[in-house]
1. Being surrounded by fewer than 12 Cβ atoms within 10 Å (Cβ to Cβ), over 24 Å from residue 127 (Cβ atoms) and in contact with a helix residue (DSSP H, G or I) (Cβ under 9 Å, 6 or more places away or on another chain) is the filter here, so list the residues in the range 178-214 that pass it.
2. Out of the range 110-143, which residues are touching a Pro at 6+ places or on another chain (Cβ under 7 Å), at pLDDT below 90 and more than 30 Å from residue 16 (Cα to Cα)?
3. Residues that are within 21 Å of residue 139 (Cα to Cα) and of a type outside the set (A, V, I, L, M, F, W, C): does the range 69-85 have at least one?
4. Name every residue in the range 86-110 that is part of a loop (DSSP other than H, G, I, E, B), within 10 Å of the chain's Cα centre (by Cα) and among the aliphatic types (A, V, I, L, M), in order of residue number.
5. Looking only at residues that are open to solvent by 10 Å² or more (accessible area, probe 1.4 Å) and closer than 24 Å to residue 193 by Cα in the range 94-109, which one is modelled with the highest pLDDT?
6. Considering only the range 40-65, state which residues are surrounded by 14 or more Cβ atoms within 10 Å (Cβ to Cβ) and either modelled with pLDDT of 95 or more or charged (D, E, K, R) (or both).
7. Which ones in the range 122-177 are open to solvent by 40 Å² or more (accessible area, probe 1.4 Å) and assigned to a loop (DSSP other than H, G, I, E, B)?
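The values are calculated or read from the model by the stated rules, or taken from the named source; none is laboratory data. The shown structure was predicted, so the numbers you read here are calculated from the model rather than taken from an experiment. Positions of Cβ are backbone-derived with ideal geometry, glycine not excepted, and every protein chain shown enters the neighbour counts. These accessible areas exclude ligands, DNA and RNA; they are computed on the full protein's heavy atoms, side chains included. Shrake-Rupley method; radii C 1.70, N 1.55, O 1.52, S 1.80 Å.
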Amino acid sequence: MTAMNAEAVPLNHRGSKRGEPTWELALRYPYQGEWTEAEYVALQEKRLLELSDGCLEFLPMPTIRHQLIVKALFQLLDLFVSSRGLGQVLFAPLPVRLWAGKYREPDILFLSTARLPSLQQYPEGMDLAIEVVSGDLLDQERDLVTKRQEYAAGGISEYLIVDPETRQITVLALDGKQYRTHGEFVLGMEATSVLLAGFAVAVDKIFSAGQIID
């Protein structure tokens, strides 16, 4: 017996909704010994998960371009933070608890030293989050709209949205319970931080990193 055929499930069950079985998982698990290469690849493409109000959200697996951009940003931010003893810069997969029932996994996060009482637990909030937007429409909405609202509600001081399609880095700074736009930085500009004074990245350098594969 192989995995349940997606065609046998009503169209509205192709993406699970609240109160329904988690079809994204149920449809992808054949018996042991009957996995095909196609089924394995399909599972890998939905391996990253986030928890939102009792529902699992299945994130697209990153592309090489996405990972090269993440790598470039991580290296620059980590060097800045570690050289000043400000805390730790980490990267996905690492669940961050925003509040009860809400876990997100930003591509990159900065935790100040005050947020590091224990390295054995998932972080409770973060100081800065960076998301690199993928081409998936659901992922775009999640990063550009949903997470902007959630990270603000969770008290995340700064949120950077890195969009490879528009080649723009948007820096959002928390102002009360909402974000204000510190800057929308495009090619030829340096994206700067409000939270980490002195930290800046050349937009050209970040996006050119996503075009070079040695």
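1. Across the range 178-214, the qualifying residues are 188, 211, 212, 213.
2. Once the filter is applied, which keeps residues that are touching a Pro at 6+ places or on another chain (Cβ under 7 Å), at pLDDT below 90 and more than 30 Å from residue 16 (Cα to Cα), the range 110-143 yields only 115.
3. Checked the range 69-85: at least one residue is within 21 Å of residue 139 (Cα to Cα) and of a type outside the set (A, V, I, L, M, F, W, C).
4. 92, 94
5. Among those residues, the one meeting the criterion is 107.
6. Once the filter is applied, which keeps residues that are surrounded by 14 or more Cβ atoms within 10 Å (Cβ to Cβ) and either modelled with pLDDT of 95 or more or charged (D, E, K, R) (or both), the range 40-65 yields 46, 50, 57, 65.
7. 122, 135, 136, 157, 165, 166, 167, 176, 177
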